[in-house]
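Contents: one structure, followed by commentary.
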Amino acid sequence: MDREALRRLAAGVSDWGRSALDFFYQPSSLAQIGAVVVCYLLAMGLDRFTRAPIERQARRIRGAPGILRIVVAIRRRMRWVYFVLLLWLVTLIDVAAGGPRSQIVSVVFKLALAWLVIAVASRIIRNRLASRLITLAAWSFAALSILDLTTPVANVLDQTAISMGTARISALLVVKTVIVIAVALWIASTLGSFLDARVQRSEELTPALRVLIGKILKIGLVVVALVIALASVGLDLTALTVFSGAIGVGLGFGLQKVVSNFISGIIILLDRSIKPGDTISLGETFGWIRDLRARFVSVVTRDGKEYLIPNEDFITNQVINWSFSNDLVRIDVKFGVSYDADPHEVMRISKEAASAVPRVVESKPVVCWLTGFGDSSLDFILRFWISDPPAGIANVKGQVLLALWDAFKANGIGIPFPHREVIFRTPMVVERGATGSAQAATANTATFGKSDVAE
């Protein structure tokens, strides 16, 4: 912007300031300002007086979260509601009295009404920061329109520009671009979420295909929104080809893991190796899949922890999907009994005990096999099936083991524990008593090494 433009801008601001001071020094203007201040003080008092009754009525709203959200937004701004109503009454009284139109009261009424409507309407946006930014931007534009300053401010922003070759980038162009891109992305995000919700409710598609279609819709809408927004503000998209290529090379090196996880996520959705609701084991993590994202998979464990595992790990590592083809899972329980027990009776009793556990599938028979003659016990393995692996594996094992304990105890079958027999080769004297009296006890040895112990 050249010096002549700056001089004209400074002169315009100075003239506007002198006119504003002359206007506010008039007695009618001071009276209007006083009326606005009185209305605001009365609005504060009414807000404090009616706060508790409105909150009691709001708590009675059930089953309508959208309406409750709007009611809460209005309740938090009841001061502005009363302020707008009082200014409106002042305007009606002024018109009914036949006096001159109160310009200050009218302007403040429009500004307060615009702020109230925009602040309440922005509550549909759940992101608090985005909601505040949109409220501020929308009200600023409304205020400029009410004060008839839209054209002067636009001219000033357009004159503030820099030239890059043949391109001219002004502050007005930057502001328009930011606003248009923000609105386009918000529309694309809202429309993408709506379409994704409709796709997720489709029972004709598999869960993995629903997730894939939803992600493609969201990404596609965002790309289209960006292209339309940039084209609408007059930017030449062909000029961005070289620049975007250089950025693409830099992102390719700097975001290798991000791109790898994104591609891995697409592969997972295409081959349908995992899907929401599957019970999986990956390393030390055991749980069920809650959600598939573009970069990670959300896995919830039995203790309530939610692990965000990168998609690449599901491609490069070994994954156990307990419910890939069906929900039936076989579980093995190993146990041992005393050599005094009859192995045929042990197998019969153990199968009956395991079949009585509620989570054990009845359609698949429980089997029990003798697997070996251990040092202290007869070793068995018990195999049974369950159809609800998301409910847990360790807990059903515990239930079966407890049923075996009760059945063996009822039938007199002992569960041995490891024992060792130690032989002493030389005599040993054991002294006891506080006065030093000794009792001689004959043993086979007093000291022994590792080789002197026989099992």
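Overview of values
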quantity: Among the residues listed as Val329, Val337, Val319, Val333, the single one being in contact (Cβ under 8 Å) with a residue 60 or more places away in the chain, surrounded by 13 or more Cβ atoms within 10 Å (Cβ to Cβ), farther than 18 Å from Leu404 by Cα and among the β-branched types (Val, Ile, Thr); calculated: Val329
quantity: Qualifying helices (runs of 4 or more DSSP H) (wholly inside segment 1-103; at least 2 residues being surrounded by fewer than 13 Cβ atoms within 10 Å (Cβ to Cβ), at pLDDT below 60 and not assigned by TED's automatic domain parsing to the domain that holds Leu116); calculated: 3-24
quantity: Meets criteria (surrounded by fewer than 11 Cβ atoms within 10 Å (Cβ to Cβ), of a type in the set (A, V, I, L, M) and at pLDDT 70 or above) for Ala440; calculated: no
quantity: Helices (runs of 4 or more DSSP H) within segment 309-414 that include 3 or more residues among the aliphatic types (A, V, I, L, M); calculated: 343-355, 394-410
quantity: Count of residues meeting criterion [crowded, with 17+ Cβ neighbours inside 10 Å and either at pLDDT 80 or above or touching a Gly at 6+ places or on another chain (Cβ under 8 Å) (or both)] in segment 200-209; calculated: 1
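A quick yes/no check of all residues on (1) modelled with pLDDT of 90 or more; (2) closer than 11 Å to Phe335 by Cα; (3) not acidic (Asp, Glu):
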site	(1), (2), (3)
Ala356	yes, no, yes
Lys364	no, no, yes
Thr371	yes, yes, yes
Ser387	no, no, yes
Gly392	no, no, yes
Ala403	yes, no, yes
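The values are calculated or read from the model by the stated rules, or taken from the named source; none is laboratory data. What you are looking at is a predicted structure, and each value in this text was computed from that prediction instead of being measured. Cβ: placed from backbone, ideal geometry, glycine included. Neighbour counts: every protein chain shown.
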